[in-house]
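See structure below.
The values are calculated or read from the model by the stated rules, or taken from the named source; none is laboratory data. Source: prediction; values computed, not measured. Methodologically, a virtual Cβ is constructed for each residue, glycine included, from the backbone with ideal geometry; neighbour enumeration extends over all protein chains shown. SASA here: full protein model, heavy atoms, side chains in, ligands and nucleic acids out. Shrake-Rupley method; radii C 1.70, N 1.55, O 1.52, S 1.80 Å.
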Amino acid sequence: MTDTGPSSAHPAPPAPPGCPAHADAVRLAGLGYQQTPSELYRALRREHGAVAPVLLDGDVPAWLVLGYSEVTYVTSHDELFARNSRRWNQWENIPPDWPLLAYVGYQPSVLFTEGDEHRRRAGVITQALEGVDQFELARDCQLIADRLIASFAGSGEAELMTGYVHSLPMQAVVQMCGMPTSGADTQQLVDDLWISLDAAEGDDPVAAYARVGERLRQLVKDKRVGPGPDVTSRMLLHPAGLTDEEIVQDLISVIAAAQQPTANWICNTLRLLLTDERFAVNVSGGRLSVGEALNEALWLDTPTQNFIGRWAVRDTQLGGRLIRAGDCLVLGLAAANTDPQIWPEGHVGAENSAHLSFSNGEHRCPYPAPLLADVMARTAVETLLERLPDLVLAVEPEELTWRPSIWMRGLTSLPVRFTPVVQ
């Protein structure tokens, strides 16, 4: 997705007739939001309450759901707030090259199905992921981590985002799906997924998304001929009998949800461990502190900040707002996780796992997915700290910058230094 982050410094123009946004809607744009979105969430809550009118790319109106109870309500009531984007009342205003089209353009994917059809499709994914042995996955991730660390361990310095954080879950996920873990073909798939999810200026997310589909169609075709012990083959062999195109679309959802969010989870946890003195004294030897950091990162810097979206089935009320049939709602997962209504003392910690980072309700991440993501993230963090126990930031904490995204939460780079390790 292309974005420049929200900013209350960019007031919106008057809303057109029938538009769900008010004249004081906030554009999801601005450098201030990119670096400190929590400040914008607080400002939006003060001005609008738990549901705020916003403008997406091209000043397309939507609602941003900020409250924890409101996000929980929306995701628990599919009969009121459904996933089929064909309900949207703004389609006549959406150009064919709209940057967010890969997210909202209807596809025959589990993401847009509802009712019995969603349960059928989600059931196939769930069973395919349940076939992943978590101990084998942890072993595979440790082997991948060791290979990646070995490539820079002798230098005494590294930029972890490109050299480690994104590579590890990418290799683990494609291996789970039955693809080779390296090579130009696999790297192109990952690059195109990145562009589809979070395009930079000059990128073409629509074309990138099309290339992702073509690569996975070839994978499904290959697995029809020669199935193996992988997620793709288990989906193909499932008695539900999904079509090849249904499996392609659902694989896109699985890989996209597993790779970049998990990478950002690793990144945000490492940042917390390397910058917060509560963890620094225990990092090198404390598995418990790593677990606490992983959980706290989900509360404070959740990898997926906002998720688009849900569409109102009929006129209804939410957070004191009149939501019209066909209005688009963006789920403010990061805002909900830091809602002062659930943290009344202003302290957000890792005491529990009731965060909404994996969403909620029938359309939340399928049950095995958060467990597998935790295996990948935990193994990545622990292995790095065990192999390089004196790892420290190579810059001051305030010099770290966040990627310009309202959707994903991750650093642009994570430079570190350590005592060189001779292999």
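A simple spin-label model places the labels of Arg42 and Asp146 4.6 nm from each other, with each point 7 Å out along Cα-to-Cβ. Taking amide H atoms as placed 1.01 Å from N in the peptide plane, the amide H of Arg27 lies under 5 Å from those of Ser7, His10, Ala12, Leu55, each 5 or more residues away in sequence or on another chain. Taking Cα centre as origin and charging only the Cβ of basic (Lys, Arg, +1) and acidic (Asp, Glu, -1) residues, the dipole magnitude of segment 32-142 rounds to 200 debye. Computed from the C-beta positions of Thr243 and Ala184, the FRET efficiency with R₀ = 22 Å rounds to 0.15. Between Asp133 and Ala210, the distance separating the two model label sites (each 7 Å from Cα on the Cα→Cβ line) works out to 4.2 nm.
Taking the Cα centre of segment 78-211 as origin and assigning +1 to Lys and Arg Cβ atoms and -1 to Asp and Glu Cβ atoms, the resulting dipole is close to 360 debye. Can you pull the percent of the chain's accessible area that's carbon plus sulfur, 1.4 Å probe, other chains left in place? Roughly 54 percent of what the probe reaches on the chain is carbon or sulfur. A Förster radius of 22 Å, combined with the Cβ-Cβ distance separating Leu322 from Tyr106, puts the computed FRET efficiency at roughly 0.30.
Among Pro227, Pro389, Pro96, the residue with the largest mean-square fluctuation in a Gaussian network model of the chain, with springs joining Cα atoms closer than 10 Å, is Pro96. What the chain shows is 41 Å² of accessible area per residue, with the surface traced by a 1.4 Å probe over protein heavy atoms. Reducing segment 316-342 and segment 163-219 to their Cα centroids gives an inter-centroid distance of 32 Å.
Of the GluC sites (Glu not before Pro) in segment 68-103, which ones lie in a loop per DSSP and count no more than 15 other C-beta atoms within 10 Å? Walk me through the intermediate numbers first.
On the way: sites: Glu70, Glu79, Glu92; in loops: Glu79.
Passing sites in segment 68-103 are Glu79.
Neighbours of Pro239 by Cβ distance under 15 Å: Lys/Arg scored +1, Asp/Glu scored -1, total +2.
Relative to the Cα centre, the charge distribution of the chain, modelled as +1 at Lys and Arg Cβ and -1 at Asp and Glu Cβ, gives a dipole magnitude of about 620 debye.
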